[in-house]
Amino acid sequence: MKMGLNGACSLILLHCLLTCVTLSSGLFAKSFRRPNIVLILTDDLDIAIGGLSPLTKTKKLIGDAGISFTNAFVASPLCCPSRASILTGKYPHNHHVINNTLEGNCSSRAWQKSEEAHTFPALLRTYGGYQTFFAGKYLNQYGHSEAGGVEHVPPGWNYWVGLEKNSKYYNYTLSVNGKPEEHGADYSKDYLTDVLANRSLDFLQYKSNYQPFFMMVSIPAPHSPWTAAPQYQNSFNTTKAPRDPNFNVHGKDKHWLIRQAKTPMTNSSVQFLDDAFRKRWRTLLSVDDLVEKIVKSLEVRSELDNTYIFFTSDNGYHTGQFSLPLDKRQLYEFDIKVPLMVRGPNIKPNQTSQMLVANVDLGPTMLDIAGYNVNNTQMDGMSFLPIMEGRVNSWRTDILVEYEGEGSNVSDPACPLLGPGVSECFPDCVCEDSYNNTYACVRTVAASSNLQYCEFDDNEVFVEVYNVTADPYQLTNIAKSIDQEVLEKMNHRLMMLQSCSGQSCRTPGVYDSRYKFDPRQ
């Protein structure tokens, strides 16, 4: 089941040969020594509710061979804002992608004009001399007719295989270097996870061997519609969503959107989410195969030892936590925490790090690997390469999480009592989002504190605070019992982070010994 690169292969080969011929000997040597970088990005893969369990080969080939981060978070628990943060190294308030719609700046003309030329892949290509390859889901509205269609190829990519719009497994359109390529429903040639694996292997075969490369493989799994490959459709038949302490319980002290969930859930809702949970895991078995193929190909080509491989997700997920059936978008650990595993040169195997990292750090880290000074960018994140190489004594203690809720202007006819302003509603009128599900959080991980502080932009100015060490399932909101001085400091820190940019996003947090608090500010 080998996918051809059509005419693009020869174009890439020609481009690379021409590049190599014109390189000076000095730059040639420098480029040759630079490590290669691979980023494998999944879609909606959690870590809190067992998302890594089906990925046995991935854990062995990347996690066991390198470092696993236990405190990796996203800047926003939704596909498009999170992916924009990965690409730009910026928090949502700086890249201005607020949701998955064109109006919310997802792959819009404004995004293309203001941000695309400054993404870390563009910098790797322009200043680092990297060959760059993209395959898979880019941003949810990519390919929209009002944003250039599939003819638009974002700057920074030598070779582009971009999925039109959102995750699918069959019956989709790819933009292959700006030309549409239609796919149907034949597993042998159309199953998207396998297509992405094969296109990646083709790139590894046809790329130049005289330049370092960056490869980003953005997989649809385990996003809905959860279509498994035929050979995996009967896997995990007895598996159920985990019955953790926050499963199917009422979030009585939480934001109204959580309080409106019906507890206990109906039997049909529980059956639905268990079924979805199984289907999600089945799609991941093909991801596990993809990772194995890429690692083995690098090994056969004697390139594995000089290649960093990152494996992560754009957001977490929930299935029944606080009686919310299925989604992301909430401020809790299950939605904002993601897997992050990295292997590569100078990373010792079998490491685990509790250091606090965020997806805004991925770009700065990869630029650092390439030898590019992150201070020359406007990125908010910071390189965690020193952590991976064991060169860190002190590290940041907090990051920002932002989300802007969405709701319909009209009431759902099936749920008239809810009124307008809600969205993502299930048949039993439990809604996963609303206009005023708009919040910002300071997520702190320090030696003395593992704390989450969140404020909602609603009429209540509702506050949620969790001591994640004592209460890992976030059952008890301690906003009304915590020390008032801590609340003041966290409120101050949150306001500062919500207006930060670049270096100011990396200043000491409340639980950092270097932190300075001035109540008059």
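The values are calculated or read from the model by the stated rules, or taken from the named source; none is laboratory data. In this text, all values refer to a predicted model and were calculated from it rather than measured experimentally. Note: ideal-geometry Cβ built from the backbone for every residue, glycine included; neighbour counts use all protein chains shown. Surface areas here come from the heavy atoms of the whole protein model, side chains and all, with no ligands, DNA or RNA. Shrake-Rupley method; radii C 1.70, N 1.55, O 1.52, S 1.80 Å.
Taking the square root of 5 times each eigenvalue of the Cα gyration tensor, what semi-axes in Å does the equivalent ellipsoid of the stretch 133-189 have, largest first? It would help to have the intermediate numbers written out before the result.
Details: eigenvalues 67, 32, 18 Å².
So the three semi-axes of the stretch 133-189 are 18, 13, 10 Å.
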> Which is farthest toward the positive dipole end of the chain among ASN177, LEU201, LEU163, measuring Cα position about the Cα centre, with Cβ charges +1 (Lys, Arg) and -1 (Asp, Glu)?
Replying inline: LEU201
> Given ASN246, ALA479, PRO222, which one lies farthest toward the positive end of the charge dipole of the chain, if we put +1 on the Cβ of every Lys and Arg and -1 on the Cβ of every Asp and Glu?
Replying inline: PRO222
>> How large is the accessible surface of LYS348 in square angstrom, using a 1.4 angstrom probe and rounding to the nearest 10?
In response: 150
> In nm, to one decimal, how far is the GLU151 label point from the ASP244 one, both placed 7 Å along Cα→Cβ?
Replying inline: 4.7
>> Quick check on packing: order 481-493, 170-182 by the mean number of other C-beta atoms within 10 Å, highest mean leading.
In response: 170-182, 481-493
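Rolling a 1.4 Å sphere over the protein heavy atoms, what is the accessible area per residue of the stretch 367-521, to the nearest Å²? It would help to have the intermediate numbers written out before the result.
Working: 7570 Å² over 155 residues.
Per-residue value: 49 Å².
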>> If I model a spin label at ASN459 and LYS480 as a point 7 Å from the Cα along the Cα→Cβ vector, what separation in nanometres do I get?
In response: 1.9
>> How large a share of the accessible area of the stretch 177-266, in percent, is made up of carbon and sulfur atoms when the probe is 1.4 Å and the other protein chains stay in place?
In response: 52
> Using 1/(1 + (r/R0)^6) with R0 = 22 angstrom and r between the beta carbons of ASN393 and THR507, what's the FRET efficiency to the nearest 0.05?
Replying inline: 0.75
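Which FRET efficiency value, to the nearest 0.05, is calculated for ASP471 and ASP412 with the Förster distance at 35 angstrom and r the Cβ-Cβ distance? Spell out each step's value before the answer.
Details: r = 34 Å, r/R0 = 0.96.
It comes out at approximately 0.55.
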>> Under a Cβ-only charge scheme (Lys and Arg +1, Asp and Glu -1), can you give me the dipole magnitude of the stretch 89-182 about the Cα centre, in debye to the nearest 20?
In response: 200
> When the scattering of the stretch 431-521 is computed by the Debye formula from its Cα atoms alone, each counted once and equally, what is log10 I(q)/I(0) at q = 0.12 Å⁻¹?
Replying inline: -0.40
> What does the charge dipole of the stretch 408-464 about its Cα centre add up to, to the nearest 20 debye, if the Cβ of each Lys and Arg holds +1 and the Cβ of each Asp and Glu holds -1?
Replying inline: 180
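Anything over 30 Å Cα to Cα? Flag those among LYS113/LYS489; LYS179/LYS240; LYS189/LYS279; LYS59/LYS328, in the order listed.
Over 30 Å Cα-Cα: LYS113/LYS489; LYS179/LYS240.
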> Using alpha-carbon pairs under 8 Å, 6+ residues apart, how would you state the relative contact order of the chain in percent?
Replying inline: 20
> Given charges of +1 on the Cβ of Lys and Arg and -1 on the Cβ of Asp and Glu, with all other atoms neutral, how large is the dipole of the chain about its Cα centre, in debye to the nearest 20?
Replying inline: 1540
> Can you give the Rg and Dmax of the stretch 348-434 based on its C-alpha atoms, in angstrom?
Replying inline: 21.2, 58
> Accessible area per residue, 1.4 Å probe, Å², for the stretch 208-316: what's the number?
Replying inline: 39
> Using 0.36 nm per residue, how much length does the chain from ARG301 to ASN171 gain when fully extended, once their Cα-Cα distance is taken away?
Replying inline: 43.5 nm
>> Per 0.36 nm of contour for each residue apart, how much would the distance between GLN205 and LYS252 grow if the chain were fully extended, relative to their Cα-Cα spacing?
In response: 11.3 nm
> HN-Hα J couplings of the stretch 171-176 from phi, Karplus 6.51/-1.76/1.60, θ = phi - 60°, integer Hz, Gly and Pro as x?
Replying inline: 6, 9, 10, 9, 9, 9
> What is the projected area of the convex hull of the Cα atoms of the chain, averaged over all directions, in nm²?
Replying inline: 23.9
>> For the stretch 234-292, I need the span (max minus min coordinate) of the C-alpha atoms along each principal axis, in Å, sorted largest to smallest.
In response: 44, 23, 17
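Within the chain, which complete DSSP H helices have Cα atoms spanning at least 18 Å along the helix axis and a mean Kyte-Doolittle hydropathy of 1.0 or higher? Spell out each step's value before the answer.
Numbers: long enough: 8-22 (21 Å, 2.11); 192-206 (21 Å, 0.18); 267-300 (50 Å, -0.18); 484-498 (21 Å, -0.52).
TM-like helix candidates: 8-22.
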>> Let me check something: with ligands and nucleic acids excluded, how do THR238, THR132, THR352 order by accessible area (1.4 Å probe), largest to smallest?
In response: THR238, THR352, THR132
>> For the stretch 44-98, take N as its residue count and report Rg(C-alpha) divided by 2.2 N^0.38 Å.
In response: 1.36
>> Nearest 500 deg cm²/dmol is fine: what mean residue ellipticity at 222 nm does the chain get from its DSSP H runs of n ≥ 4 alone, each adding -39,500 (n - 2.57), divided by its residue count?
In response: -8000 deg cm²/dmol
> Using the C-alpha gyration tensor of the stretch 137-252, what are the square roots of 5 times its eigenvalues, in whole angstrom, with the largest one first?
Replying inline: 31, 19, 16
> HN-Hα J couplings of the stretch 136-147 from phi, Karplus 6.51/-1.76/1.60, θ = phi - 60°, integer Hz, Gly and Pro as x?
Replying inline: x, 6, 9, 10, 4, 9, 4, x, 4, 4, 7, 10
> From a point 7 Å beyond the Cα of ASP428 in the direction of its Cβ, which residues of the stretch 272-299 have a backbone N at a distance under 14 Å?
Replying inline: 272-275
